[in-house]
Amino acid sequence: MSPKSVGIDAMAFHGPECFIDMADLAVARGVEPAKYIKGLGQTAMAVPTPCEDTVSLAIAAGRKALDAFGIDPTQIGTLVVGTETGVDHSKPVATYVHEHLKLSSNCRSFETKHACLGGTAGLTAAVDWIASGRARGRKALVVAADIARYGLNTPGEPTQGAGAVAFVLSENPRLLEVDLDIYGDYTRQVMDFWRPLYSKYAFADGHYSINCYLDALAGSWSDAMGKPGAAAGMPIGNFDACFYHVPFVKMAQKAHHRHWEAELGRAVAKEDTGLMAKINASFEQRVGPWLRLNSEVGNIYTGSLFLALMDYLRQVDAAREGKAISLFAYGSGCGASMLLAKVAQGAAGFGTRLDPQADIDRRRRLDLAEYEAITRAGESVDGNDGPELDPSSWKLGAGVYYRGTRNHMRQYG
Ligand code: COA
């Protein structure tokens, strides 16, 4: 029989061990710090060293999720890694994660890619697998892992970052139940952000990408509204919190504004002070309180929506159990999904297990010279038979790290 309650049972974040302060970056680029801190909403940006690639981040996040929530690896029947920064044209990141987490040989595994939508595509595939009854009691591990690279001295530079959010999906989940009936999808071919096979850095038409994102939000909202029961379930007033893809924190504010416009069926100009006050109050209540992790980590592409969700779940109290939330995922190129969910009964008891604040506070602050040196070093580390990479050169802790490529095979240790 198909299960009725499916959703997120466990969650964890793992990010790079170094960061740069946004005020330091702004001063170095001759920009007012207020532009990055207030204008984009970012206080810090995670900086991955050459040893911290998508594989190492995904392994660490997956391990934390299983360990923190006491899940036996043999219970995992599907593993998906959503990423746009895979490490091989053919071999999925998931195979490395599968090996290091000692998952069962009968676990299916694959990688999903659609820019920042890949993790959500993995989530919906896993939810459908469980809801169909094919999981037969097993769980799915989905890891949304990425390294956002635009390059030094580019407009996108302050919207970089890196990290992985891992979540386990199951029947009768402990954290969040996904609505199986009301959801919306949207796809359109646009060149707002892309990364050709020959480039480590993304190409982006930044302002156009913001417009594509907002149009996709309206498109997926309207698709969701067409589902039975949506008229009663979708009003923003019903939601305790609204989550959006967060390439930079300010984007969530623009998204919430467009969400309201979709609901109202018309544009709301700044001059409409009455409605603007209502929308701003709604943002302060439903969106703003859950953006601290994003502001400290930066853009993690496909995991950024889930980082905001983690910020909410770590703060959930018993009064929020049973409350509805909305989730909007956007992947450039472009594709989008609007999902609804409900906080599971008992979720308030798990906030400290998924809280990544202690790890974030332990990160090492880089000065500009080291940040630039690390960024440049990262450009050449994927070549064959280069020097072995030593995690201690960047004062990294204990973990699984990328050590270089030998005989065309990536080495981890
Ligand atoms: N104090 C406070 N705010 C300031 C400021 C200052 N001194 N200077 C500028 N700002 C504000 C701007 O008003 C703007 O806010 P608004 O959009 O609410 O008006 C914000 O800071 C950004 O300024 P802007 O001039 O638009 O920055 P930019 O042209 O350098 O580009 C991006 C910003 C996001 C387009 C760029 O970083 C980028 O291309 N990023 C990669 C693509 C991306 O993230 N796309 C998102 C959708 S997927």
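Answer yes or no as to whether ALA60 is within 16 Å of the ligand (Cβ to nearest atom) and within 27 Å of GLN357 (Cβ to Cβ).
Numbers: within 16 Å of the ligand (Cβ to nearest atom): no; within 27 Å of GLN357 (Cβ to Cβ): yes.
In short, no.
Give the range 235-274 a look and list any residue that's touching a residue at least 12 places away in the same chain (Cβ under 8 Å), more than 16 Å from the ligand (Cβ to nearest atom) and either closer than 23 Å to GLU321 by Cβ or polar (S, T, N, Q) (or both), or say none.
Across the range 235-274, the qualifying residues are PRO235, ILE236, ASN238, PHE239, ASP240, ALA241, CYS242.
For the structure I just gave you, tell me whether TYR208 is open to solvent by 30 Å² or more (accessible area, probe 1.4 Å), within 16 Å of the ligand (Cβ to nearest atom) and not in a loop (DSSP other than H, G, I, E, B). Working first, answer last.
Working: open to solvent by 30 Å² or more (accessible area, probe 1.4 Å): yes; within 16 Å of the ligand (Cβ to nearest atom): yes; not in a loop (DSSP other than H, G, I, E, B): yes.
Criteria met by TYR208.
So that you can scan it fast, the table gives a plain yes or no per residue for (1) within 12 Å of the ligand (Cβ to nearest atom); (2) among the hydrophobic types (A, V, I, L, M, F, W, C); (3) closer than 28 Å to ARG292 by Cα:
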site: PRO155; (1), (2), (3): yes, no, yes
site: ARG188; (1), (2), (3): no, no, no
site: ASP192; (1), (2), (3): yes, no, yes
site: CYS212; (1), (2), (3): yes, yes, yes
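Would you please name the residue that is farthest from the ligand (Cβ to nearest atom), looking only at residues in the range 31-57 that are out of contact with any Phe, Trp or Tyr (no Cβ under 6 Å at 6 or more places or on another chain) and of a type in the set (Asp, Glu)?
GLU52
Working only within the range 235-248, note down all residues that are aliphatic (A, V, I, L, M) and buried (at least 22 other Cβ atoms within 10 Å of the Cβ).
Within the range 235-248, ALA241, VAL246 qualify.
Give the residues of the range 183-195 that are in contact with a Lys or Arg (Cβ under 9 Å, 6 or more places away or on another chain) and open to solvent by less than 20 Å² (accessible area, probe 1.4 Å), sorted by residue number.
Passing the criteria: only GLY184.
Residues are listed down the side, and each one gets a yes or a no for (1) open to solvent by 60 Å² or more (accessible area, probe 1.4 Å); (2) within 16 Å of the ligand (Cβ to nearest atom); (3) more than 25 Å from HIS259 (Cβ to Cβ):
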site	(1), (2), (3)
LEU305	no, yes, no
TYR312	no, no, no
GLN315	yes, no, no
SER337	no, yes, no
GLY351	no, no, yes
ALA373	no, no, yes
SER380	yes, no, yes
PRO391	no, no, yes
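If ARG258 meets every condition in (1) among the charged types (D, E, K, R); (2) over 19 Å from GLY335 (Cβ atoms); (3) in contact with a helix residue (DSSP H, G or I) (Cβ under 9 Å, 6 or more places away or on another chain) apart from one, which number is that one?
Condition (2) is where ARG258 drops out.
Pull out all pairs, ordered by first then second residue, where Cβ-Cβ is under 8 Å, the residues are six or more apart or on different chains, the first lies in the range 204-230 and is over 13 Å from VAL190 (Cβ atoms), and the second is more than 9 Å from the ligand (Cβ to nearest atom) and acidic (Asp, Glu).
What qualifies is ALA218/GLU261; SER220/ASP185; TRP221/GLU263; ASP223/ASP185; LYS227/ASP181; PRO228/ASP181; GLY229/ASP181.
Quick test of your reading of the structure: TYR198 fulfils all but one of (1) open to solvent by 80 Å² or more (accessible area, probe 1.4 Å); (2) within 14 Å of the ligand (Cβ to nearest atom); (3) among the hydroxyl-bearing types (Ser, Thr, Tyr). Name the failing condition by number.
(2)
I need the strands (runs of 3 or more DSSP E) fully contained in the range 64-182, keeping only those with at least 3 residues that are crowded, with 22+ Cβ neighbours inside 10 Å.
Result: 76-82, 139-148, 161-171.
Helices (runs of 4 or more DSSP H) wholly in the range 251-367 with at least 3 residues that are over 21 Å from GLY39 (Cα atoms) and under 19 Å from the mean Cα position of the chain (by Cα) - which ones?
304-313, 351-354, 357-361
The values are calculated or read from the model by the stated rules, or taken from the named source; none is laboratory data. Computed from a predicted structure; not experimentally measured. Note that each Cβ is placed from the backbone with ideal geometry, even for glycine, and that neighbours are counted across all protein chains shown. Ligands, DNA and RNA are excluded from the accessible area calculation, which covers all protein heavy atoms including side chains. Shrake-Rupley method; radii C 1.70, N 1.55, O 1.52, S 1.80 Å.
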